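Here is the structure we will look at.
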Amino acid sequence: MTQFRSSRSEMSLGLFLLGAGHHIAAWRLPEAPPNAAVSFPHYQAIAAEAEAAKFDAIFFADSASVRDFGISPIDRDERSIRLEPLTLLSALAVSTDRIGLIATASTTYNEPYNLARRFASLDLLSGGRAGWNLVTSANAQDGPNFSLEAHPEHGVRYDRAHEFEEVVRGLWHSWEGEDAFPLDKTGGQIFRPEALHPLNHKGAHFAVRGPLSVPPSAQGHPVIIQAGASEAGRDTAARTAEVVFAAHQSFDEAFAFYQDVKRRLAAYGRAPEDLKILPGVSPFIGRTRAEAQASFDELQDLVTPEVGLKLLQPFAGGLDLRDYDLDGPLPDLPVTTNAIGRQKLLVDLARRENLTIRQLYLHIAGARGHWQLIGTASEIAGELEHYFKNGAADGFNIMPPALQRSLGPITELLLPELRRRGLFRKDYTGTTLREHLGLRRPDLPAFPQFAA
Ligand SMILES: Cc1cc2nc3c(=O)[nH]c(=O)nc-3n(C[C@H](O)[C@H](O)[C@H](O)COP(=O)(O)O)c2cc1C
């Protein structure tokens, strides 16, 4: 059987930004701005650093509700407050000029015309640097904010997502022909009317006439990203996504996922290089392993039992873990209706490794089930190289544990080590997100760009 591996010699690296960092206690470090989750100067400084380091893109996750509202105490979790990502990226589009700008947006809680228009606008404004992380929404608390009593069930969400994506893509293809935009002042014509087509979509979920009022950007249209790992999620990825964000704990898992998703592409007439797979990784880097471990331990010591239990509560199936001894074993949990896979993963882990409740929450405090590495730059670069060269990744979505502390070692120790191994760019060679990622440009006319 064919074994897939990256077709490029250099990896793609995204920087996944979340408030003060991915570690749940990052905002409590002395150097972290306590308002990082909603601070523009904070994100502006980080985006500038990421661009100077030549990352492919910065990425923001999203959900449209206060996280875990009504499930567990929320006042000690930085993730309870956040900015809407497209708005934030529109501001960052002005303060950066090369780095890609990826925002998450839900197909369950949006209308396709609105979303197609917003992303196309960001794409045009930023000179072709936008990406859309298509999610069906993992967070069940979003439903009641959108006139729904409950979060629609998994199959229904993916069915809607399928049609939603077709409509968005169709709207992005509203324009065609090389000479679509004469912008001819003398003749008085902005675009050729033959170049603009309505969509006239009528489906189970949406009826959208089109066309879209925003012309294509320098990269054609925004890059489509997907982050679901279920059967339906993988299929959506193979059918439509150009990048997949994944969460794995081991090489074997990452390899199996990579091979499976790449193999599915052929059924949709797509080539392996049409889709880039980027697992998440949260690195704690030190000049020595002991220094990396000390930095990790300092963050772990800031996780209070209230916050730790909050992390576990969504997977507890309704059981209040506050009633149990933190240093005792995890009790048997009633099955959740949500996050079934994640609950099983945690229970299996606790049983296999004989973890107490405290040990279990500390285990997920750093990267929420993503791959976590603690070591020197050379050790971590070696791990990434192994994944990249052996069919488990086309690059990585780097999740800094604590931005003020972790970004320096990432850009000053890890990236130079990857460059030394010939695995990461020294400078940008293109201007668009598609060019950074090595993705094909869709056949669309670019609206002429003018220097300011
Ligand atoms: C790196 C990464 C980022 C994600 N970001 C979001 C997000 O911002 N919002 C969201 O609702 N789900 C997010 N997800 C979750 C997935 O999109 C998806 O909803 C979840 O994996 C459940 O879908 P599945 O059943 O297909 O796996 C993310 C997943 C990964 C791996």
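The values are calculated or read from the model by the stated rules, or taken from the named source; none is laboratory data. From a predicted model like this one, the values you see are computed outputs, not experimental measurements. All Cβ positions, glycine included, derive from the backbone under ideal geometry; neighbour counts span all protein chains shown.
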Could you please let me know if Glu153 is farther than 24 Å from Ala207 by Cα, out of contact with any helix residue (DSSP H, G or I) (no Cβ under 9 Å at 6 or more places or on another chain) and of a type in the set (Asp, Glu)? no
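Identify all residues within region 123-154 that are among the aliphatic types (A, V, I, L, M) and within 9 Å of the ligand (Cβ to nearest atom); write none if there are none.
Leu134, Val135, Ala138
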Which one is surrounded by the most Cβ atoms within 10 Å (Cβ to Cβ) among residues in region 403-427 that are assigned to a loop (DSSP other than H, G, I, E, B) and out of contact with any Asp or Glu (no Cβ under 8 Å at 6 or more places or on another chain)? Lys426
Let me confirm something: among Ala161, Ala116, Ala180, Ala120, which residue is in contact with a Leu (Cβ under 9 Å, 6 or more places away or on another chain), in a loop (DSSP other than H, G, I, E, B) and either within 16 Å of the ligand (Cβ to nearest atom) or touching a residue at least 40 places away in the same chain (Cβ under 8 Å) (or both)? Ala180
Residue among Ser80, Ser95 that is more than 30 Å from Gln313 (Cα to Cα), free of Cβ contacts under 8 Å to residues at least 60 places away in the same chain, out of contact with any Leu (no Cβ under 7 Å at 6 or more places or on another chain) and more than 13 Å from the ligand (Cβ to nearest atom): Ser95
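Go through the residues of region 423-441 one by one and say whether even a single one is touching a strand residue (DSSP E or B) at 6+ places or on another chain (Cβ under 8 Å) and more than 20 Å from Leu124 (Cα to Cα).
The answer is yes, given that some residue of region 423-441 is touching a strand residue (DSSP E or B) at 6+ places or on another chain (Cβ under 8 Å) and more than 20 Å from Leu124 (Cα to Cα).
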For region 259-279, indicate whether the set of residues that are within 12 Å of the ligand (Cβ to nearest atom) and more than 25 Å from Thr107 (Cα to Cα) is non-empty. no
Does Thr356 meet the test of being touching a Phe, Trp or Tyr at 6+ places or on another chain (Cβ under 8 Å) and β-branched (Val, Ile, Thr)? no
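Give the residue, chosen from Thr104, Thr87, that is touching a helix residue (DSSP H, G or I) at 6+ places or on another chain (Cβ under 7 Å), of a type in the set (Ser, Thr, Tyr) and more than 20 Å from His201 (Cα to Cα).
After applying the criteria, what remains is Thr104.
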Checking the structure you have, find out if any residue of region 209-231 is part of a helix (DSSP H, G or I), touching a strand residue (DSSP E or B) at 6+ places or on another chain (Cβ under 6 Å), more than 14 Å from the ligand (Cβ to nearest atom) and in contact (Cβ under 8 Å) with a residue 60 or more places away in the chain. no
Residue check, Ala48 loosely packed, with under 15 Cβ neighbours inside 10 Å, out of contact with any strand residue (DSSP E or B) (no Cβ under 7 Å at 6 or more places or on another chain) and touching a residue at least 12 places away in the same chain (Cβ under 8 Å): yes
Does Ala238 satisfy the condition of being in a helix (DSSP H, G or I), without any contact (Cβ under 8 Å) to a residue 12 or more places away in the chain and more than 24 Å from Arg76 (Cβ to Cβ)? no
Does region 10-27 include one or more residues that are crowded, with 20+ Cβ neighbours inside 10 Å, of a type in the set (Ser, Thr, Tyr), in a loop (DSSP other than H, G, I, E, B) and modelled with pLDDT of 95 or more? no
So the check is Cβ under 7 Å with 6+ separation or different chains; which pairs have a first residue in region 440-451 that's under 24 Å from Arg8 (Cβ atoms) and among the basic types (Lys, Arg) and a second one that's surrounded by 17 or more Cβ atoms within 10 Å (Cβ to Cβ) and at pLDDT 95 or above? Arg441/Gln219; Arg441/Gly220; Arg441/Arg434
Please verify whether region 65-82 includes one or more residues that are within 17 Å of the chain's Cα centre (by Cα) and of a type in the set (A, V, I, L, M, F, W, C). no
